[in-house]
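Remarks on the structure that follows.
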Amino acid sequence: MISWLFVLPVLLIRILTTLYPIISVFYYSSLDYDLINRTKDFNGFKNFPTLIRDVTVQQALTFTFQYAFFCLIGIVILGTALALLLRFDFNGRKLLRTTVLVPWGMPMIIACMAGRWIFNDTYSIINDMIRRLFNANFHYAWMAEPFGAKAAAILLNIWKNTPFFAVIMLAAFQGIPMELFESARIDGASGPRILKSVMLPYVLRTMVMTAVFSGIAQLNSFDIAYAMTRGGPGSSTALLAYRLYLFAAKNLDYGSASALSVMMFGITAVYGAIGLYLHNRVDY
């Protein structure tokens with residue numbers, strides 16, 4: 001009983017800061033809650049079919065899945081490769097380990113402002129590099145084309161978040177017991193074979209769990225659509241979180257915004273459940 005009294009303040013804080021907002025969002029999702037039209041009427045589940053039929057929500061859902069998929073693939077592959085590189089002992093390794101964290105430590109709003117300059121159609125560093133290396137007449141308006149804007153958002157996010165994944169994987173690789181390497185070498189395994197049969201299986205649980213958290217972050221990403229592309233051109237790069245912001249802050253349609261929040265909650269929960277299932281299935 002005494003132990004529960006000590007835990008009670010923490011439980012009350014968690015209830016107020018977690019359960020109450022979640023319950024409120026589910027409640028508001030069942031309302032026609034619009035400040036502009038001054039309505040706050042119960043309408044059951046009608047907000048959800050309306051959102052599903054909304055073309056802008058469909059576009060946001062499609063791009064969110066594309067964005068999360070390609071970002072996660074890029075972060076996992078490049079982060080793992082970078083972690084393997086940082087395992088080697090070479091001059092300047094400590095400096096490189098420090099500098100690779102700079103993109104991750106940079107505020108996302110600053111990275112997005114830099115991204116607008118990097119992919120600018122007039123003085124873009126990307127266009128300039130392509131002109132210098134491949135085609136002197138190359139010109140592409142990245143932020144004016146749907147495909148270019150999507151690619152720019154994905155590339156910037158991969159650049160921003162790969163270092164964190166690399167650091168986690170580097171710690172996992174360094175935690176591999178040396179006895180495993182020695183046993184593999186005694187059995188005649190070469191470098192690629194050791195990587196495939198010893199190193200990657202040993203760190204797979206860490207990789208899967210880190211990918212779960214990273215994927216959740218991508219599914220709920222907001223910064224890039226807000227600060228870099230403004231959801232454009234048109235609504236081609238409007239992520240679900242950005243569309244939610246437009247419903248709540250611009251249209252003052254809290255019912256639709258809450259319903260979209262519930263949809264995002266469900267998508268995140270399904271992804272997290274799949275990730276935890278795969279994590280529990282991994283065994284070394």
* Checking residue 152 against (1) surrounded by fewer than 20 Cβ atoms within 10 Å (Cβ to Cβ); (2) more than 25 Å from residue 212 (Cβ to Cβ); (3) modelled with pLDDT of 90 or more, the condition it does not meet -> (1)
* Please find, among 70, 48, 63, 26, the residue that is touching a helix residue (DSSP H, G or I) at 6+ places or on another chain (Cβ under 7 Å), over 30 Å from residue 146 (Cβ atoms) and in a helix (DSSP H, G or I). => 26
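Which of the residues spanning the stretch 107-123 are under 18 Å from the mean Cα position of the chain (by Cα) and surrounded by 14 or more Cβ atoms within 10 Å (Cβ to Cβ)?
Those that are under 18 Å from the mean Cα position of the chain (by Cα) and surrounded by 14 or more Cβ atoms within 10 Å (Cβ to Cβ): 108, 111, 112, 115.
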* Structure fact -> Of the listed residues (35, 82), the one being under 24 Å from the mean Cα position of the chain (by Cα) and of a type in the set (A, V, I, L, M) is 82
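Any idea which of 176, 224 is closer than 30 Å to residue 33 by Cβ and either surrounded by 15 or more Cβ atoms within 10 Å (Cβ to Cβ) or of a type in the set (A, V, I, L, M, F, W, C) (or both)?
224
When you go through 88, 45, 26 one by one, which is the residue that is surrounded by fewer than 16 Cβ atoms within 10 Å (Cβ to Cβ) and either free of Cβ contacts under 8 Å to residues at least 12 places away in the same chain or of a type in the set (Val, Ile, Thr) (or both)?
The unique qualifying residue is 88.
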* Structure fact -> Of the candidates 147, 138, 164, the one satisfying the condition of being out of contact with any helix residue (DSSP H, G or I) (no Cβ under 8 Å at 6 or more places or on another chain) and among the aromatic types (Phe, Trp, Tyr) is 147
* Asked: Which residue pairs have Cβ atoms under 8 Å apart, sit 6 or more places apart or on different chains, and have a first residue in the stretch 125-141 that is in a loop (DSSP other than H, G, I, E, B) and a second that is of a type in the set (Phe, Trp, Tyr) and surrounded by fewer than 12 Cβ atoms within 10 Å (Cβ to Cβ)?
  -> none
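The values are calculated or read from the model by the stated rules, or taken from the named source; none is laboratory data. Worth saying up front: this structure is predicted, and the values here are computed from it rather than measured. FYI the Cβ positions are ideal-geometry reconstructions off the backbone, even for glycines, and counts take in every protein chain you see.
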